[in-house]
Amino acid sequence: MERPLFGYLLAVCAAVALFLAWGERFSPLTQTTFGLSLRPNGSDVVINRISPNSEGARLGIQRGDILQISQISLSDRYRLLTGTSPAGATVTVPLLHGATRRIVTIAVAPGASPQGDLRLNGPTFLFSATLTLLVVAFIGLRRPSLATAALVWFGAGVVTTGNVIAQFSWLPNPIYGVVAVIINAGFGMLPGLALLPFIVRFPHAPKTERECKRARIADGILFAGIVAAVIQAIYEPLTFSTWGPYDSWSPPIYALIVLIFAILGYRDAAGEERRRIGWVLTGFVITAVSFAMFNTANTDFVTVNDWWALGVMLTTQCLETALPLALAYAVLRHRVLDIGFVLNRTAIYAVMTTLVVAFVGFIDWLATRFIGEQHVAMAIEALMTIAFGFGLNWMHGRLEGLLDRVIFRQRYVAETRINYRIEAFAFAESIAAIDEGLASDAAQILNLSSAAVFGRLSQTAQFRRSAATGWTTQDASSLDPDSLIIRTLRAIERPLFLDDAALMPAGFPEGVGRPILAIPILVQHELTGLVLYGNHRDGASPDPEEVSLLARLTASAANAYGAVEARQWRERAHTLEESIRSLSAAPSPG
């Protein structure tokens, strides 16, 4: 199957799960019921409670009567187990009332469904389900693979099996029974375990023997879970009981297994890969803790109707989206987020927005309280708001500068030092000094793992490595003018992340020192050289501000190269003129 088609298929699967999630919230099935509360009684079930307005009550069914479900199909057992079906649907089952046995046909009628309507947490459930499924659909569409297929399966676990099974109860027998088993097995406990195939193949397919062995073990655990889930899905309607201990303990056990594999992957990874796995681990922990808190609060709310528990339910259900959001960033981004960069800009604009809202609200309150004339109050509000708007730019610049100097001082110092290097290039006396500034100073100031400068002296010469940090003598010392990386930089004439163009020439460093960013050195649109930079030493890639800073540094270096070469040519010309003048002034022989 072609990868694009596979991506569309994964997106469609996630869309179907999203449709089911909304369907279980708003489906009319949530308002229909058989009106029976049943409990196991050997191979059959006993009527524990019956709704007075139900069809069963009109048929004379009483508490304590026995329904012989051992005599009916798996499909009808599932209908009774979920407790609901489309209005008008019927289930025919033998009934024992004492020693009397008769066949009754129980019909569904309007009423409160045992599956419920998700009670008060419905909106947050839909928010969490929608966000999760949209994220995994986008990931599946953009990065179709076995790993992301497992991710879509994980996302489908946001739906609840009882309500989803009930939505298909209109299907005829025995098709409904088969569909119910598949949904119960696939949407029940397994989605949590479905993260295993993803986590052992993220951020890349297994390569080493250790990674391949870990993937085989993870796949084997998932297969064992599938077998257990299918057995449970058939066992539950047969005996009309659930695997209570299994249902209670399997989610934390599955979560622990996935966490162990994620930690093992994190331990073996390095650089940017470790940071990307770290994002997944962080999101996973937040989601797991939120899920546990939600279950606890949900139980408390059901038993004591504690409104504090309801607040915890709503909050934690929203926090369960931490994992899909972390996955989206780690999978779809080539580079690791610089938290400082985002927090800086977020803080600035959040403060600005808060100030505007607070100021306008304060003016509105003052005008309403102290000025009786409505038109005058509105005019004053408008004037004050306009005046405040004109002052926003002034406030923005000073507030951002203050945050840079106080909260983000390390970044501010690095930018200041790079700016000094940019200005100093204009006074460079030699090409070696410029090379040193690009390769050594920039890498040290920004804490980059590697840097290398390649340049050439003529149109036909190769690009030679003239300075480097984090490169060894065994690494590439030259680049052919016809190589793909050179031709790409000539074409785009701007900084390029090598992974974006799938560029990694032979001989480049691997591991921590692997170059990830190439910046061309251009003189009047002629590529005279390039600079290669690696990630930060902690594995994060340069953020957009740092890339812009390095691009400015390189552009300044290009001007400095031209100035030094021009100065050298002038000196050579002057030396040549002096030599010619000396020869002309010398007395002729004889």
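The values are calculated or read from the model by the stated rules, or taken from the named source; none is laboratory data. Bear in mind the structure is a predicted one, so any value in this text is a computation, not a measurement. Positions of Cβ are generated from backbone atoms using ideal geometry, with glycine treated the same way; all protein chains shown enter the neighbour counts.
Points worth noting:
- Some residue of the range 525-542 being at pLDDT 85 or above, in the same structural domain as Ala432 (by TED's automatic domain parsing) and in a helix (DSSP H, G or I): no
- Just one residue in the set Phe19, Phe26, Phe34, Phe6 is out of contact with any Cys (no Cβ under 7 Å at 6 or more places or on another chain), under 21 Å from Gly188 (Cβ atoms) and either at pLDDT below 85 or of a type outside the set (Lys, Arg) (or both); that residue is Phe19.
- Among (1) surrounded by 15 or more Cβ atoms within 10 Å (Cβ to Cβ); (2) among the aliphatic types (A, V, I, L, M); (3) modelled with pLDDT of 85 or more, the one test that Val178 misses: (1)
- Subset of the range 71-96 [modelled with pLDDT of 85 or more and more than 44 Å from the chain's Cα centre (by Cα)]: Gln71, Ile72, Val91, Thr92, Val93, Pro94, Leu95, Leu96
- The residue that is surrounded by the fewest Cβ atoms within 10 Å (Cβ to Cβ), counting only those in the range 200-240 that are of a type in the set (Ser, Thr, Tyr) and assigned to a helix (DSSP H, G or I), is Tyr235.
- Among the residues making up the range 543-576, those that are among the β-branched types (Val, Ile, Thr) and either assigned to a loop (DSSP other than H, G, I, E, B) or surrounded by fewer than 20 Cβ atoms within 10 Å (Cβ to Cβ) (or both) are Val547, Val564, Thr575.
- Per the conditions (1) in contact with a Cys (Cβ under 7 Å, 6 or more places away or on another chain); (2) surrounded by fewer than 18 Cβ atoms within 10 Å (Cβ to Cβ); (3) touching a residue at least 60 places away in the same chain (Cβ under 8 Å), the sole criterion not satisfied by Val152 is (2).
- Any hit, the range 497-509, residues being closer than 25 Å to Thr472 by Cβ, in the same structural domain as Trp471 (by TED's automatic domain parsing), charged (D, E, K, R) and in a loop (DSSP other than H, G, I, E, B): no
- The set of residues in the range 80-99 that are exposed (fewer than 14 other Cβ atoms within 10 Å of the Cβ) and either in contact with a His (Cβ under 6 Å, 6 or more places away or on another chain) or in a strand (DSSP E or B) (or both) contains only Thr92.
- In the range 154-199, the residues that are within 28 Å of the chain's Cα centre (by Cα), outside any helix (DSSP H, G or I) and not aliphatic (A, V, I, L, M): Gly157, Thr160, Gly188
- Taking residues in the range 448-470 that are closer than 20 Å to Ala540 by Cβ and modelled with pLDDT of 90 or more, and partners anywhere that are polar (S, T, N, Q) and assigned to a strand (DSSP E or B), the pairs with Cβ atoms closer than 8 Å and at least 6 places apart or on different chains are Leu448/Thr469; Ser450/Thr469; Ala451/Thr469; Ala452/Thr469.
- The range 513-530 residues that are acidic (Asp, Glu), paired with ones that are buried (at least 20 other Cβ atoms within 10 Å of the Cβ) (beta carbon under 9 Å, 6 or more apart): none
- Any hit, the range 39-58, residues being assigned to a loop (DSSP other than H, G, I, E, B) and either assigned by TED's automatic domain parsing to the domain that holds Val152 or in contact with a His (Cβ under 9 Å, 6 or more places away or on another chain) (or both): no
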